[in-house]
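Student: There's a structure below that I have some questions on.
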Amino acid sequence: MTIKKKHIYGRQLLEEFMKNPYESYIGGGGDQLGDIEHDEKMEDYFVNFPEFIKQELERGETSMQEKNENNFFEDSTNSNGKDTAYLIAASHGIVEMMLALQLQIRSVIHEINCNNENALLLAVKNKQPHVIQWLMKSLPKEVFHHLNLEVDKNDNTMLHLAAYTSIQRENNWRISGAAMQIIWDIKWYKYIKGLVPDHFNHRNNKEGKTPSEIFKDQHKELLEKSIEWLNQTTQSSSVVATLIAGASFATSASAPSGNQQTREPKLEGHLAIEGFTISSLIGLYFSVSALIMFLSILSSRKEVEDFRRKLPMKLLFGLSSLFVSIVDMFVSFCAGHFSVLSDKYNKRGILFYLYISICLPIILYAAVQFSLFVDLVMVIWKKVPPPSVKGVDL
């Protein structure tokens, strides 16, 4: 579904739902929305929001896969028909619906489901940071602090809920790869840790586990997958960096020669010769820098805490240096050939099209690696993760 359609249907749903908030809120009926533009996914999901709420209330069961995966989610995701529209909106990240309900029914902020979870706990469990930030801004400090201190029926605090992983569930982060998932999980845990009192770090739930113990247990498999992916990426990249470093070292101190007797470079002082020499030297520098970064990653301990910032920074710097070294290698190659062939072919413009075609592998490499670069930049510099894929943005 497109963002435009989400806004169109979401706004119509909100307006229709709030015509009679008390009747709709308790799961009552209601006429379907008017003439909404047909869309397969959107019509099934949004054509009648009261019916959607009713289905959410009646669903009340998790899949067998989720039950076997984690007992915590087995208990907490089973609403048994008692989740209200406000709590469902908090779980799915529908801030507009939460706001409309709060304006009409002020007491909704204190509601809990059968698992003793309020809107704040549900937002943490379903990884909806924008809901938490909105609650912090819209609620009085005393009210938010009260919600912050509450626990579910298993004595799980906000920090306990943030410690659970969701790599194999529908509410994982909007990012690809196990390594990126664990980085976001770490940032999410640290973010929630900054919102709760300090003694929550040592508080046990009914199973006798602290949040940090849950985090370590839940992320063992994800950590192994992340380490495996990181090792494979750095090993393959280090091989490429080594080859480029060798080629750049061989060419950094040489230049195309013209006169075989005097061994003087052809067109000495020409920009092509200078470009050849400088680009070879720069390529050598960045290829060696990339190789050092990759070797540093391979030899590091790779603990959970290292994935928070240290390892992503090294990987980003290594991949960036490798890309720059590849570009410089092609520049030195083109500059060297231009100094030799310019007199014969430059007037016809053949060299221009030749060098343009040589740039295609660089463009292809950049296109393939672009998503990885963007993900690395996001996980390094963003303090709060984006909403999970389970969220519904209006």
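Here, each number is a calculation from the coordinates, and none is a lab measurement. Bear in mind that the values here come from a model prediction, so they are computed numbers and not experimental data. All Cβ positions, glycine included, derive from the backbone under ideal geometry; neighbour counts span all protein chains shown.
Student: How large is Rg over Rh for the range 98-169, taking Rg from the Cα atoms and Rh as the Kirkwood inverse mean of 1/r across Cα pairs? Could the numbers behind the result be given before it?
Tutor: On the way: Rg = 12.3 Å, Rh = 12.8 Å.
A ratio of 0.96.
Student: Here is a follow-up. Gain in length, Trp229 to Ser107, computed as 0.36 nm per residue apart minus the alpha-carbon separation, to one decimal in nm?
Tutor: 39.1 nm
Student: Would you kindly state how much longer the chain becomes between Leu99 and Phe317 on full extension, computed as 0.36 nm times their sequence separation minus their alpha carbon distance, in nm to one decimal?
Tutor: Roughly 74.2 nm would be gained on extension.
Student: Work out, step by step, the length gained on full extension between Asn204 and Lys216: first 0.36 nm times the residue separation, then minus their alpha carbon distance; give nm to one decimal.
Tutor: Full extension from Asn204 to Lys216 adds 2.9 nm.
Student: Let me test this: with uniform point scatterers at the alpha carbons of the range 177-237, what is the Debye-based log₁₀ I(q)/I(0) at q = 0.19, 0.23, 0.25, 0.27 1/Å?
Tutor: -0.77, -0.95, -1.03, -1.11
Student: Additional query: Label Phe373 and Cys359 with points 7 Å out from Cα along Cα→Cβ: what is the distance between them in nm?
Tutor: Simple spin-label model gives 1.4 nm for this pair.
Student: Please go through the residue pairs Lys153/Lys216; Lys206/Lys314; Lys137/Lys187; Lys125/Lys314; Lys127/Lys216 and name each one whose alpha carbons sit more than 28 Å apart in this structure.
Tutor: Going by Cα-Cα distance, Lys206/Lys314; Lys125/Lys314 fall outside the 28 Å limit.
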